[in-house]
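Enquirer: Have a look at this one before I ask anything.
The values are calculated or read from the model by the stated rules, or taken from the named source; none is laboratory data. In this text, all values refer to a predicted model and were calculated from it rather than measured experimentally. Don't worry about glycine lacking a Cβ; one is built from the backbone with ideal geometry, like all the others, and counts go over all protein chains shown. Only protein heavy atoms, including side chains, enter the accessible area calculation; ligands, DNA and RNA are left aside. Shrake-Rupley method; radii C 1.70, N 1.55, O 1.52, S 1.80 Å.
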Amino acid sequence: MSKPRVLVTRRWPESVEKAMAINFEVTLNDDDHAMSADELAKALQEYDAVCPCVTDSMPQSLFGASFIKTRIIGNYGVGFDHIAIDAAKSKGIVVTNTPDVLTDATADLAMTLMLMLARRAGEGERQLRAGQWHGWYPTHLMGTQVTGKSLGIVGMGRIGKAMAEKAHFGFGMKILYHNRKPIPESEERRLNAEYCTELTWLMSRSDFVSLHCPSSPRTKGMVNEKTLACMRPDAFLINTSRGDVVVEKALIKFLQKGLIAGAGLDVYDNEPELPEALLALDNLVLLPHLGSATKETRTAMGMRVLGNLNAFFNGEEPPDKL
Ligand code: 8YV
């Protein structure tokens, strides 16, 4: 029996690509370019499985063709807002993602942003590399103490909870959280976490606000002029979720005017394009969507996709079916 044909849209860690080749006839994207809409449309007609990632936009229009061969989309990533999953499902396509395996890596990166921001690490490094460090003095680049401060977590799913753990147990932070529903009381007690029914309430009480919600019609533009206005001028915003949760223009305005103290961003509205105004600001730490970028995690993500494909082609329900 011939092996199912699989398209992996971007290069993965080598060990996973090798593991994929055992059960599947895999096509790799040799030069690792971001695929065009035409290439993805063609892929849906040629491959039994397509394994995209965040750089592959798969809108509703992509699923309009009369003939589609693909039976499973094994997304490499937990977020799947780049795939019109209802349209895919209406064509009988199963869609899976990769939860769990990137939880710690992403929470670690949010911690990195929080610490870098609070301690002005980006500014310090830029200064030093530019040859502008002329020695120690008591008021040099004074930052903000993180230990003991309050952290407002928006979206208390797996990654939000991992962030709460690291911040509470590692830095003695008081945790506030906003979520569709509260977490169990025992968990609240363990993490010293307090539920905020209103986002504005959380924003006004947090020294740091960290976004961990998925992109959805409910969360799109949730951090906007109105909600940012609730933050204190000495508070910081951290975003490792999706760019469209924040109204970028509003954030730029608040940063330019010093209405909030700073922001740490790993995700943007129109990646990889960044507004000049963001790049020009100093009270910012900007990273290029590195949330899950560890060797361990990127390998585990690929293995998770592979597990989903193996289950599907064995006639079983894939563990991460959406
Ligand atoms: C991934 C992410 O690397 O999984 C996610 O949702 O945001 C990233 O950490 C990316 O999406 C890969 O597709």
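Enquirer: Please tell me which of these pairs span more than 19 angstrom C-alpha to C-alpha: K181/K321; K89/K220; K220/K249; K149/K249; K166/K295? If you can, show how the numbers build up before the last one.
Expert: Details: K181/K321 23 Å; K89/K220 23 Å; K220/K249 14 Å; K149/K249 28 Å; K166/K295 21 Å.
Result: K181/K321; K89/K220; K149/K249; K166/K295 exceed 19 Å.
Enquirer: Here's a follow-up. So what are the range 1-85's ellipsoid semi-axes, whole angstrom, largest first, if each one is the square root of 5 times an eigenvalue of the alpha-carbon gyration tensor?
Expert: Rounded to whole Å, the semi-axes are 20, 16, 11.
Enquirer: Quick one: plug the Kirkwood hydrodynamic radius of the range 89-192 (C-alpha pairs) into Stokes-Einstein at 10 °C, 1.306 mPa s, and report D in µm²/s.
Expert: Roughly 97 µm²/s, to the nearest whole number.
Enquirer: What residue among T147, T299, T106 has the largest mean-square fluctuation in a Gaussian network model of the chain, using Cα springs under 10 Å?
Expert: Per the Cα network of the chain with a 10 Å cutoff, T147 tops the list.
Enquirer: Kindly give the semi-axes, whole Å and largest first, of the ellipsoid equivalent to the range 103-286, taking each as the square root of 5 times a Cα gyration tensor eigenvalue.
Expert: Here the semi-axes work out to 26, 20, 14 Å.
Enquirer: Related question: Which one of G307, G160, G152 has the biggest mean-square fluctuation once the chain is modelled by GNM with Cα springs under 10 Å?
Expert: G307
Enquirer: Follow-up. Once all Cα-Cα distances of the range 169-230 are split into 10 Å bins that start at 0, what whole-number percent is in each one?
Expert: Answer for the range 169-230: a P(r) of 20, 51, 26, 3 percent.
Enquirer: Return one number: the angle in degrees, 0 to 90 and rounded to the nearest 10, between the long axis of the Cα atoms of helix 14-23 and the longest principal axis of the Cα atoms of the chain.
Expert: For helix 14-23, the angle is close to 30 degrees.
Enquirer: Determine one quarter of the surface area of the Cα convex hull of the chain, which equals its mean projected area, and express it in nm² to one decimal.
Expert: 18.7 nm²
Enquirer: Report V285's accessible area, 1.4 Å probe, all protein chains in place, as a number in Å² to the nearest 10.
Expert: Number for this one is 10 Å².
Enquirer: A follow-up question, please. Could you give the distance between the Cα centres of the range 228-288 and the range 6-40, to the whole Å?
Expert: The distance from the Cα centre of the range 228-288 to that of the range 6-40 comes to 33 Å.
Enquirer: Name the residue, out of L191, L202, L117, whose mean-square fluctuation peaks in a Gaussian network model built on the chain with Cα pairs under 10 Å.
Expert: L191
Enquirer: For the chain, with the dipole built from +1 on Lys and Arg beta-carbon atoms and -1 on Asp and Glu ones, taken about the Cα centre, which of I83, T55, L113 lies farthest toward the positive end?
Expert: L113
Enquirer: Whenever you get a sec, compute what percent of the accessible area on the chain sits on carbon and sulfur atoms (1.4 Å probe).
Expert: 53 percent
Enquirer: If you count only protein heavy atoms with a 1.4 Å probe, what accessible area per residue comes out for the chain, rounded to a whole Å²? Intermediate values should be presented prior to the final figure.
Expert: Values: 15610 Å² over 322 residues.
Heavy-atom accessible area per residue stands at 48 Å².
Enquirer: For the chain, take the longest principal axis of its alpha carbons; what is the angle in degrees between that and the long axis of helix 295-313, to the nearest 10 within 0 to 90?
Expert: That helix lies at roughly 30 degrees to the long axis.
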